[in-house]
Every structure is written in structure tokens, then in C-alpha cells.
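Asker: Could you have a look at this structure, given as C-alpha cells, before my questions?
The values are calculated or read from the model by the stated rules, or taken from the named source; none is laboratory data. All figures in this text were calculated on a predicted structure; none of them were measured in a lab. Every residue, glycine among them, receives a Cβ derived from its backbone with ideal geometry; neighbour counts consider all protein chains shown.
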Amino acid sequence: MKNITKLGAVSALSLIIGAGSAFADTIKIGFIDPLSGPFASTGTNGLHQFEFAADYMVNDKGGVLDGDTFEIVSFDNKTSPKESLIQLQVAIDQGIRYIVQGNGSAVALALTEAVDKHNRRNPDSRVLFLNYAAVDPALTNEQCNFWHFRFDANADMKMDAMSDVIAKDESIKKVYVIGQDYSFGKAVADAAVSMLGEKRPDIEIVGNELHPIGKVKDFTPYSRKIVASGADAVITGNWGADMLGLGKSIIENGFTGPIYTYYGAGSGMTGAFGETGKGAIRLVSEGIVNPPPTEEASAYYQAFQAKYPDGNIDQTRISNTVGMLAEAIKAAGTADDVVAVATALKGMEYQTIWGSKVMMRAEDHQAIQNINILNHTDEGVTFPFDGSTFGVVSEQTVEMASADAPTTCEMQRP
Amino acid sequence: MDLILVNLIDGLVTGLLLFMLSAGLTLIFSMMGVLNFAHASFYMLGAYFAYSISLALGFWMGLLVAPLIVGLAGAAVERYGLRRVHQYGHVPELIFTFGLALLIEELVQFVWGKNQMAYSVPDVLNFTAFAISGNSIPAYKIFMIFISVGIFIGLLYVLTKTRVGMIIQAALSYPRTVEALGHNVPLIFMGVFGVGTALAGVAGVIAGPVLGTFPGMAFVLGSIVFVTIVIGGLGSLWGALFASLLIGWMTTFAKAYNIEMSNILNGLGIATPENLDESLFRDFWSLTSPQIADILPYILMVLILIFRPAGLFGKRSS
């Protein structure tokens, strides 16, 4: 009896192994982002979008190379750089060669340094770091390296587009800048002050303020100052609960001008702003879902909604990341040699399903793409967010924004 | 001058909201000696229940029903949880409430997800009540003030003028004697715990639409509630009210005016160092009041603990 069991187990095992080698491999992509803690909603939404993009864009279309499929393996980093490094090591030990991460520039800076070190020491198990949302300019400037690719526009590029739009609006004479008290909030404030000063020297910065991140219960006192300053527009890099709290409070306390944000949509925020945010909340973003730019984009969004009825595609760059990685693997002819894949990725021009183009600049591995100013509204919304009737609609577009922006990156290529 | 009036109103709203949380907590603490770490979690539950009810039956039913559910849940926690743990002493009780806070947070994320909820002010109250030189005061804030003041007056009446209140007050100080007189002290404990958590629930219901309904809302408010009852004095309703308003106004004014540390120090006759960038105290000199607004209550608590350990209105010296 025992022998028969053993025999069965062995034959089953050999069948599995045989099946594995006879069919195509899976290419594992390690997703390291918060899946618990205060920023869990942002991370979980990103994971869903990655899993969907991998299935829809690669696996359902027969995969890459000889039918190799993408598999997203998630790791929870709790938004902590320290935890991320541990998860990175776990991912590498599991044989994962592609890492994606986006929430928090502090995490991205830690990861890019660790990846660089690892790749120098272990040429046999090198990994690529595909950054889909961490926007600290340093990542593609002084801290750049060959293994890091950024698919989102960086904070300066977004501010460049935002300040272009503000500069065109003659009715804006006074601007109030407010943000969270950490590196990203400071970077946004500095960029806003210097770029507005250059493009519209007549605009007065009537307030430049940082508040503690994730600790403010009630934003009313800040809103009072903003209203009292006589500002015509507000600029903020806030995200998560800080974004919603600030936005709601400013509007409820009598501010009527536009609020230019980096992250004022999705993750429940659009639904929660609802009617109050109409005509006030503006968002600078690389992606357009309203009006639907292409047939292909509509089909993609509808398929996503069928799978995640409560979910949003608020990061179109995620499908670009997956699509460009697939193209690069096809061009390189291998998924194991990440140097070849990285070489194929740099300088790549990619036609996205969203109807626009993305160019991965070779000097600093920064994606160059259209940047749009979106408007929070319930009119002309084909794909609303958060199960509400509200969504973000494209208002203005800066084509291939900041394509000639200088970089201080001095990359060492292997 | 106008802005002072506006800030007074804003601070009043913040303070009264804090009062609704600390009133229940201070009663529970002084009666049972339990620091209920899960108190702010009941506040969160209030907001989430009210949100779900408001989807089906409207805001007003939410305001009515959600605190009742939260109060019943609180009473059940006391009856079947705390009372059993009580016999093992205070530390297990502390750990129990701490665990309960974590459990409720996970439960909320499990049921409602991790996103912000679209819980908003009812249309009837969604207008500007009046404006003071361009600063509009939303009608909802006035409504919040009335609700909290109403609850304070009601509580004060029950505690000081009724028989039930007298027994509660007696049980606060001399539980054994009250028991010996034939009163059911465990039932009183359960009732107070239930009412205390229901008050937290009311606070959640009316704060959810303005401060946001999300899984982190309990955490954001959790620690400041303890500070309030320590400053006010344990078991004192007036103390809780006074401390809540003090904290509300203190933080609001500190955030609303950019008072710079260098101005204060200069005013005290200390000259700004020549080379501020190289000075050892550069960060200290460049502090502004909004930056330290949220730690001011904690500084006040430390001072109170040093100079008046029983709190501003506290009577018991133990």
C-alpha cells in the first residue's frame, strides 16, 4: 500500500515537472508596495491593475516569446523602506528578476540603491526595477542607475505642465502652496515657487506651507488661512486621507477657485469629493480615461470593470509598464538576461492603448509622455471612479511634456 | 478681528467633538479603572454604521440608529469581554482593549474595504449658514455645535439631577458601598460602558462627513482623547468639557496664525544668532506655530501631570 502511494506520488511529481518543461515558463514580476497600513488602499488598487494588465495584455494574447506568461507576485512593504529591502531579498531568492514599485519615493530610493548593489555583486541574478509611480526627481537624476526605469512623469515634469496651465490663466494672480511635511511635499513646493516665478513673475505666492503628514485631524484652520490670503488657486502634492481632508475642508469653508493636485482622484476620493469637488479639483496626470481616447482603451476599461466592479483604472501607466516590458522581452528574445531587456527598453518608443506615445529616454530612463490636466466632474464621464457618477475628464494636454528637460544623470552601463 | 471670531467657532467645533469622545472615556476610566484603547474605534464604527444606514434610509436614521448599535456593541463588549478579563487585573484589561482596537480596524477594512467612504453632509444642511468677511461657516458646523451642547446638557442633567445619576456617581467613588446597598454595580458598569461608546458613536456619525470616513480615522483621533481626559481630570465631566475646548482652541489658533519662534525669542530679549545656518539651534529658531500645534496638547499634559497630577478638575488623588 505504502509503495503504491509512493509510486503515485512520484509519477504525479514527474508529470508536473514534465508538464512544466514541456509548456512555457512564467515570468515572475515582484510587486513591492503597501498592502496593509494607512496607505493600503493605494497599494491594493495598484496590485489589481497590475494583475489585470498582465492577464489582459500578455497572458490572454498568448504570452511573450514561446508563450511565456507574466505572473505578478505581491509583497507587502507597509510603505517602509526597511521592510521593502527585506521583501526585495525574498523576491530575488524566489528567482524573480523584475521588481515593480511605486508608492513612496523614500522606498524607491532605497530599492534602487539596493538593486544597484545587488546587480554589481551578483551578475548571475541581476534584477530590473520598474518604478511606476515614485516621482522624486532624484531617481532619474543624481540617484539614477542602469537598472531603474520610471514610467510616470517625475514631480518636476508634472509641475512644469501644471504651471504652464496656471500661467495661461490670466485670472490667477495669487497662489497658495500647501503640502505634506516630507521630501516630496517640499519638492513640489520648491518646483511650484521656482517655475511660477519664471513663467509668471506677476503671480504672488501668498502662502507656502507644510503640515504634518497623516496627522492632521481637521484642516479647517489651514483652509481659513487660504481663504483669508485671497488666493485664486491652490497647489498641493497631498495624497491619501490628507488630500481628501484638505480638499473638502478648503471647499466647504468658502474657497471657490481651482485646487491643482497631484493625487486628487481615485481610491475612494473621487466618490467622497462628489458634488463638492465639482469644478474645483484639478489633477495632473499622464493618463486619460475620459473621454475614452480609443476603442481599445474602452474595451480594456470595461474588461477591468467586469473583473473589479469597485475598482478604478487611475494609473494608466501600469498597463504601459506591463506592455513595454513585454515588448522589451520580445525584442531581447529572452527574459532571463535583464541587461538585454534593459537595453531594449531604453530609448523604446511605445504606442499605448490610451492613444498616446511613451518614449523611454535613454540618458536617464525617464519616460517622456503626454501630461494632462484633468477635471473632477460628472459631465461627460464614461468611466466614473469609485462606483460614483463622478470621474476625471481631460481638460488640457501638454504633448510629450518636458522632453528636453535636462538631467544630471551619469549612468554607468554594464 | 473677524478672523478671531471665525477661529473661535472652528475651535469650538473641534473642542465639542473631542468632548463627546472624552466624556464617555472619562466616565469609563474613573468607574472601571480601564483605559479603553478601543474607544476611538467605537467612534470609527459609528461613522461606518451611519454611512451604511444613510445609503438605505438617509442621514437622519443613521444619526439615530448607528449610535444605538454602537452602544449595544459596547455593552456587549463589557458584559462578555471586559467583565471576564476584569478578574485578572488591569494589565489584561488594557491588553484586551488594545487588541479590540486592532480587531475593529481590521474588521472595518474587511467589511468596507480600505478606501475612503463617500459619506457626506446631508443636503438639508449643505449650505453656508453665514459668512464673516469671506469666511463661510457651513450650516453643518452649527448643527454639530447644537448636537454636542445638547448632549452635554443631557448628560449633566442625568448625572446630577436623577436617581440613576446619583447611583452612578456613588459607584464611581465607592463601588463596594453601593453594592452593599443592594444596587447592581455590574449592570451600572455595563450601562456606563454602553452609553460611553454610544457617545463615541454619535461623534463618529457627525464627524464622519467632515473629517472623512476611512480605516485610519480612529488612529488619528485615538491618542488626543486620552490627553484630554488626563488634562481635564479623571471622571470629571466639566473637566472633560474644559480640556476639550482648551485643546480645540489652542490647536486652532496655533495653526491659524504663523507665530514664529524667532519672534517670541526676540520678544523675550534673546537676539537671533548671527549665522543661523550654522547655529546648533537652527531648527528651533525656525519653528512656526502650525508645525508644533499638534504637540501643544501633549506639552500641556506633561505640565499638568507635573504640577497638578489629578488634572484640572480632578478630585481623586490616587
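Asker: Report whether or not B:N36 is surrounded by 16 or more Cβ atoms within 10 Å (Cβ to Cβ), within 14 Å of chain A (Cβ to nearest Cβ), farther than 24 Å from A:A272 by Cα and not β-branched (V, I, T). Show your work before the answer.
Answerer: Values: surrounded by 16 or more Cβ atoms within 10 Å (Cβ to Cβ): yes; within 14 Å of chain A (Cβ to nearest Cβ): no; farther than 24 Å from A:A272 by Cα: yes; not β-branched (V, I, T): yes.
Considered against the rule, which asks whether it is surrounded by 16 or more Cβ atoms within 10 Å (Cβ to Cβ), within 14 Å of chain A (Cβ to nearest Cβ), farther than 24 Å from A:A272 by Cα and not β-branched (V, I, T), B:N36 comes out as no.
Asker: Just the residues that are within 15 Å of the chain's Cα centre (by Cα), farther than 25 Å from A:Q89 by Cβ and more than 13 Å from chain B (Cβ to nearest Cβ), please, taken from the stretch A:26-64.
Answerer: Matches in the stretch A:26-64: A:Q49, A:A53.
Asker: Separate question: Go through the stretch A:286-297 residue by residue and tally those that are among the polar types (S, T, N, Q) and within 18 Å of A:D378 (Cα to Cα). Reasoning before the result, please.
Answerer: From the stretch A:286-297, those among the polar types (S, T, N, Q) are A:290, A:294; that's our starting set.
Adding the requirement that they be within 18 Å of A:D378 (Cα to Cα) leaves A:290.
Here the count works out to 1.
Asker: Take the residues in the stretch A:267-279 that are surrounded by fewer than 24 Cβ atoms within 10 Å (Cβ to Cβ) and in a loop (DSSP other than H, G, I, E, B), then tell me which one is farthest from the other protein chains (Cβ to nearest Cβ).
Answerer: The extreme case among them is A:G279.
Asker: It is to be established whether one or more residues within the stretch B:243-252 are surrounded by fewer than 21 Cβ atoms within 10 Å (Cβ to Cβ), touching a residue at least 24 places away in the same chain (Cβ under 8 Å), small (G, A, S) and under 25 Å from B:I153 (Cα atoms).
Answerer: If we filter the stretch B:243-252 for residues that are surrounded by fewer than 21 Cβ atoms within 10 Å (Cβ to Cβ), which is where we start, we get B:245-246, B:249-250.
Those still in the list that are touching a residue at least 24 places away in the same chain (Cβ under 8 Å) too: B:245-246, B:249-250.
Checking which are small (G, A, S) leaves us with none.
Within the stretch B:243-252, not a single residue is surrounded by fewer than 21 Cβ atoms within 10 Å (Cβ to Cβ), touching a residue at least 24 places away in the same chain (Cβ under 8 Å), small (G, A, S) and under 25 Å from B:I153 (Cα atoms).
Asker: So, one more: Scanning the stretch A:229-240 for residues that are more than 18 Å from the chain's Cα centre (by Cα) and either of a type in the set (V, I, T) or in a helix (DSSP H, G or I) (or both), which turns out farthest from the other protein chains (Cβ to nearest Cβ)? If you could, list the steps in order and put the result at the bottom.
Answerer: Of the residues in the stretch A:229-240, the ones more than 18 Å from the chain's Cα centre (by Cα) are A:229-235.
Within this subset, residues satisfying the condition of being either of a type in the set (V, I, T) or in a helix (DSSP H, G or I) (or both) are A:234-235.
Numbers: A:V234: 15, A:I235: 18 Å.
Here the answer is A:I235.
Asker: Might you let me know whether the stretch A:305-314 holds any residue that is of a type outside the set (F, W, Y), assigned to a loop (DSSP other than H, G, I, E, B) and on the phi > 0 side of the Ramachandran plot? Give the steps one after another, and end with the answer.
Answerer: So the first thing to find is which residues in the stretch A:305-314 are of a type outside the set (F, W, Y), and the list is A:305-307, A:309-314.
From what's left, assigned to a loop (DSSP other than H, G, I, E, B): A:309-314.
Those left that are additionally on the phi > 0 side of the Ramachandran plot: none.
Checked against the condition, which is being of a type outside the set (F, W, Y), assigned to a loop (DSSP other than H, G, I, E, B) and on the phi > 0 side of the Ramachandran plot, the stretch A:305-314 yields no hits at all.
Asker: While we're here: For the stretch B:114-139, name all the residues that are hydrophobic (A, V, I, L, M, F, W, C), assigned to a loop (DSSP other than H, G, I, E, B) and within 9 Å of chain A (Cβ to nearest Cβ). If you could, list the steps in order and put the result at the bottom.
Answerer: Of the stretch B:114-139, the ones hydrophobic (A, V, I, L, M, F, W, C) are B:117-118, B:121, B:124-125, B:127, B:129-132, B:137, B:139.
Subset that is assigned to a loop (DSSP other than H, G, I, E, B): B:118, B:121, B:127.
Correct list: B:A118, B:V121.
Asker: Which of the residues spanning the stretch A:356-395 are surrounded by fewer than 16 Cβ atoms within 10 Å (Cβ to Cβ) and either touching a Leu at 6+ places or on another chain (Cβ under 8 Å) or in a strand (DSSP E or B) (or both)?
Answerer: A:K357, A:M359, A:E395
Asker: Scan the stretch B:287-315 residue by residue and report those that are part of a helix (DSSP H, G or I) and free of Cβ contacts under 8 Å to residues at least 40 places away in the same chain. Lay out the reasoning, then the answer.
Answerer: Of all residues in the stretch B:287-315, those part of a helix (DSSP H, G or I) come to B:289-307.
Hits for the stretch B:287-315 are B:S289, B:P290, B:Q291, B:I292, B:I295, B:I299, B:V302, B:L303, B:I306, B:F307.
Asker: Give the residue that is surrounded by the fewest Cβ atoms within 10 Å (Cβ to Cβ), with candidates limited to residues of the stretch A:194-207 that are more than 28 Å from B:L296 (Cβ to Cβ) and either within 29 Å of the chain's Cα centre (by Cα) or at the interface with chain B (Cβ under 10 Å from one of its Cβ atoms) (or both). Can you show your working first?
Answerer: Within the stretch A:194-207, the first condition is being more than 28 Å from B:L296 (Cβ to Cβ), and the residues that meet it are A:194-204.
When the remaining residues are screened for being either within 29 Å of the chain's Cα centre (by Cα) or at the interface with chain B (Cβ under 10 Å from one of its Cβ atoms) (or both), the result is A:194-199.
Values: A:S194: 13, A:M195: 19, A:L196: 23, A:G197: 12, A:E198: 10, A:K199: 14.
Taking the candidates together, the pick is A:E198.
Asker: Right, another one. Say whether the condition of being away from chain B (no Cβ under 14 Å) and assigned to a helix (DSSP H, G or I) is met by at least one residue in the stretch A:280-295.
Answerer: yes
Asker: Mind checking which pairs have a first residue in the stretch A:137-150 that is more than 19 Å from A:V322 (Cα to Cα) and a second that is surrounded by fewer than 20 Cβ atoms within 10 Å (Cβ to Cβ) and among the β-branched types (V, I, T), Cβ under 6 Å, 6 or more apart or different chains?
Answerer: A:N141/A:T407; A:N141/A:T408; A:E142/A:T408
Asker: Considering each residue of the stretch A:157-193, count those that are at pLDDT 90 or above and within 16 Å of the chain's Cα centre (by Cα), and give that number.
Answerer: The qualifying residues number 3.
Asker: Go through the stretch A:280-324 and give me each residue that's surrounded by fewer than 21 Cβ atoms within 10 Å (Cβ to Cβ) and among the polar types (S, T, N, Q).
Answerer: A:N290, A:T294, A:S298, A:Q302, A:Q305
Asker: Another one. How many of the residues making up the stretch B:187-214 are touching a helix residue (DSSP H, G or I) at 6+ places or on another chain (Cβ under 6 Å) and under 15 Å from B:L17 (Cβ atoms)?
Answerer: 12
Asker: Can I ask one more? Determine, yes or no, whether B:G81 is small (G, A, S) and out of contact with any helix residue (DSSP H, G or I) (no Cβ under 8 Å at 6 or more places or on another chain).
Answerer: So B:G81 fails the test.
Asker: Given B:A243, B:A254, B:A207, which one is within 14 Å of chain A (Cβ to nearest Cβ), outside any loop (DSSP other than H, G, I, E, B), under 12 Å from the mean Cα position of the chain (by Cα) and not β-branched (V, I, T)? Before the answer, list the steps.
Answerer: Values: B:A243 fails: within 14 Å of chain A (Cβ to nearest Cβ); B:A254 fails: under 12 Å from the mean Cα position of the chain (by Cα).
Of the residues listed, the single one that is within 14 Å of chain A (Cβ to nearest Cβ), outside any loop (DSSP other than H, G, I, E, B), under 12 Å from the mean Cα position of the chain (by Cα) and not β-branched (V, I, T) is B:A207.
Asker: Tally up the residues in the stretch A:208-228 that are among the acidic types (D, E) and more than 26 Å from the chain's Cα centre (by Cα), please.
Answerer: So the first thing to find is which residues in the stretch A:208-228 are among the acidic types (D, E), and the list is A:209, A:218.
With more than 26 Å from the chain's Cα centre (by Cα) added as a condition, the list becomes A:218.
Residues meeting the conditions: 1.
Asker: Against the definition (without any contact (Cβ under 8 Å) to a residue 60 or more places away in the chain and in contact with a Gly (Cβ under 8 Å, 6 or more places away or on another chain)), how does A:I213 come out, yes or no? Explain how you work it out, then say what you get.
Answerer: Values: without any contact (Cβ under 8 Å) to a residue 60 or more places away in the chain: yes; in contact with a Gly (Cβ under 8 Å, 6 or more places away or on another chain): yes.
Here the answer is yes, as A:I213 does meet what is asked.
Asker: Could you list, in sequence order, the residues of the stretch B:257-286 that are within 14 Å of another protein chain (Cβ to nearest Cβ), at pLDDT 80 or above and not in a loop (DSSP other than H, G, I, E, B)?
Answerer: Hit for the stretch B:257-286 is B:E260, nothing else.
Quick grid of which residues meet (1) without any contact (Cβ under 8 Å) to a residue 12 or more places away in the chain; (2) in a loop (DSSP other than H, G, I, E, B); (3) more than 30 Å from B:A171 (Cβ to Cβ); (4) not hydroxyl-bearing (S, T, Y):
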residue: B:S30; (1), (2), (3), (4): no, no, no, no
residue: B:F37; (1), (2), (3), (4): no, yes, no, yes
residue: B:A47; (1), (2), (3), (4): no, no, yes, yes
residue: B:I53; (1), (2), (3), (4): no, no, yes, yes
residue: B:V65; (1), (2), (3), (4): no, no, no, yes
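Asker: Let me ask something else. What number goes with the only condition from (1) modelled with pLDDT under 95; (2) surrounded by 18 or more Cβ atoms within 10 Å (Cβ to Cβ) that A:K61 does not pass?
Answerer: Exception for A:K61: condition (2).
Asker: Still on this structure: Regarding B:L57, is this residue without any contact (Cβ under 8 Å) to a residue 24 or more places away in the chain, away from chain A (no Cβ under 14 Å) and not aromatic (F, W, Y)? Can you show your working first?
Answerer: Working: without any contact (Cβ under 8 Å) to a residue 24 or more places away in the chain: yes; away from chain A (no Cβ under 14 Å): yes; not aromatic (F, W, Y): yes.
Here the answer is yes, as B:L57 does meet what is asked.
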